[in-house]
Structures are given as structure tokens and as C-alpha cells.
Amino acid sequence: MLGLPRRHAIPRELIENRYLEFATAVHPDRFVGESLATRREAQEVSSRLNEGYRILRDPIARAEYMVKLAGIDLDSSDPTTGAPAPEPAFLVEMIERREALAEARASGSSRVDAFRAQVEDEVEGELDRAVAALEIDEPSRAARALVAHRYLQRLLQDVDGQEIGV
């Protein structure tokens, strides 16, 4: 919609400039005196533009969307087009990490802070792996990294005591 390349590495300034250019042109306020159908279409285009902009400015959402464009829906459990299932070893590791978090909490805030820092680094590392895979057109590898990213992000939310979504 914005005429940008289908890549993860797009300069933020370019995204912002293109968005503002298009948002000004299609803003519903520009169509106040037009027919209902024209105003409705302007509203729909503006809505799609805003959603696209939201995705593009968020590096995680952008990576997940690029994987979806390649035919892998990370929000689906469909065995052929859905999110790849994590390896059993990874799932065991996540259980062990939750146990380590409980131990860190029992030992004090400095252990929890160290645990958080380690998980934050891993969250960033998984996103970096996903982006690198997308740059070489390996969406299935990117999808696996993004699934791991989601698991680690949930663990990080648990570290901070936030509610974990299903």
C-alpha cells in the first residue's frame, strides 16, 4: 500500500514519510462533502493504512506479517500452514526455566533481575534470527525463531508478573 519493498530492513524514516504522505491523501476528513460510498471507502482505506503502519513500525509485528505473507500463520495451529511446533527439547527447557524463575524469586530480586536480563537477551536474539532468516528468504526458519520469541516473551511477562495470554 505504501510502495515499500517487502523486506524487514526498511528505514523508520521512510516508513514515517510514506505513511504521512498517504494518510494525508486518504484521510476521511478530505471527503466530507462526498457521497456516503466515497466517505465509507475513504474510511476503509484509512483504516487499512493505519493497520499497515502499525505493523510496519513494530519490528516484531513486521516479521510476523512477513512470515504470514509467506504462508505461515503464527496464530494458527493448522499442521500445514500454522505455527511450527517447538521442538520437545525447547518445551522441556521452558519448563526448566519456569522452575529456575521460581528459585530466583525465592533467592531475591537480584537473581530475578539477572534472570530477566538473560531472557531479554534471548528474546532479542530470536528476533534477530528471524530477521536474518527473512533477509535470506527462509520464512520457515523465521517462523521457528518467532515461535521461540513468543515463548520467551511470555516467560519475560511472567518474570514481571504480568498476566499471560493464552
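Screening the candidates L101, L127 for the property of being surrounded by 12 or more Cβ atoms within 10 Å (Cβ to Cβ), within 15 Å of L156 (Cα to Cα) and more than 18 Å from the chain's Cα centre (by Cα) yields one hit, L101. For the structure I just gave you, tell me whether A42 is modelled with pLDDT under 95, more than 15 Å from the chain's Cα centre (by Cα) and surrounded by 18 or more Cβ atoms within 10 Å (Cβ to Cβ). So A42 fits the description; yes. Is it fair to say L14 is more than 26 Å from R150 (Cβ to Cβ) and in a helix (DSSP H, G or I)? Spelling it out, L14 is indeed more than 26 Å from R150 (Cβ to Cβ) and in a helix (DSSP H, G or I). (1) among the charged types (D, E, K, R); (2) in a helix (DSSP H, G or I); (3) closer than 30 Å to I10 by Cα: which one isn't true of R105, the others all being true? The failed condition is (3).
Quick grid of which residues meet (1) at negative phi; (2) touching a strand residue (DSSP E or B) at 6+ places or on another chain (Cβ under 6 Å); (3) surrounded by fewer than 12 Cβ atoms within 10 Å (Cβ to Cβ); (4) in the same structural domain as E16 (by TED's automatic domain parsing):
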residue	(1), (2), (3), (4)
L49	yes, no, no, yes
R62	yes, no, no, no
G71	no, no, yes, no
D75	yes, no, yes, no
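Right, A25: touching a residue at least 60 places away in the same chain (Cβ under 8 Å), surrounded by fewer than 17 Cβ atoms within 10 Å (Cβ to Cβ) and over 22 Å from L155 (Cα atoms) or not? Against the criterion (touching a residue at least 60 places away in the same chain (Cβ under 8 Å), surrounded by fewer than 17 Cβ atoms within 10 Å (Cβ to Cβ) and over 22 Å from L155 (Cα atoms)), A25 does not qualify.
The values are calculated or read from the model by the stated rules, or taken from the named source; none is laboratory data. Just so it is clear, the model here is predicted, and its values are computed rather than measured. Note that we place each Cβ from the backbone using ideal geometry, even for glycine, and neighbour counts take in every protein chain shown.
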